[in-house]
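All of the numbers you see were taken from the coordinates with simple rules; none came from a lab. Predicted model, so just to flag it, every value in this text is computed and none were measured. A quick note on method: Cβ atoms are made from the backbone with ideal geometry, for glycine too, and the neighbour counts reach across all protein chains shown.
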Amino acid sequence: MGAIRISILSFILLALVQATTARAAPSHENQLHYFATCTGRLSALMEHQWMFDGAASEQTKRQRASMIDLVTAIAKPDEGRQVLHWRLMAKHAQSVLLTRATFNDDPADAAWAEARAVSLTQECAGLLTS
């Protein structure tokens, strides 16, 4: 009976380790999607900064270039259209947040949009500094 219990526990432990490993290693598509999305977000931020904070746009430009390098390094030749789609969708969404934060008559909503926009771009920038 003890050997059966140990075998069952070993099986459960192995299944947990495999499940954890599978979650810890994102798929190629997930990585590519994340990098492309960050590229789009940083593009929107850079363009927003051109209007309101030109000096900050230089750092964002460098971060965006690094993110483009990551996309280029892992993208397969036939993934260009999908990458462009992800970039444009993320850029548009980030731009909407930044516009909502800047030109909003509702201070609470503007603060939420700004906090969300900052959080999303910091997440991307944090990837480059880790």
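Mean projected area of the Cα convex hull of the stretch 33-90, taken over all directions, amounts to 3.6 nm². The Rg/Rh ratio of the stretch 75-126, with both radii computed over alpha carbons and Rh defined as the Kirkwood radius, is 1.15. Per-peptide packing, taken as the mean over residues of other Cβ atoms within 10 Å, places 45-52, 103-110, 92-99, 78-85 in the sequence 92-99, 45-52, 78-85, 103-110 from highest down.
Only Cα pairs under 8 Å and 6+ residues apart enter the sum, and on that basis the relative contact order of the stretch 30-97 stands at 56 percent.
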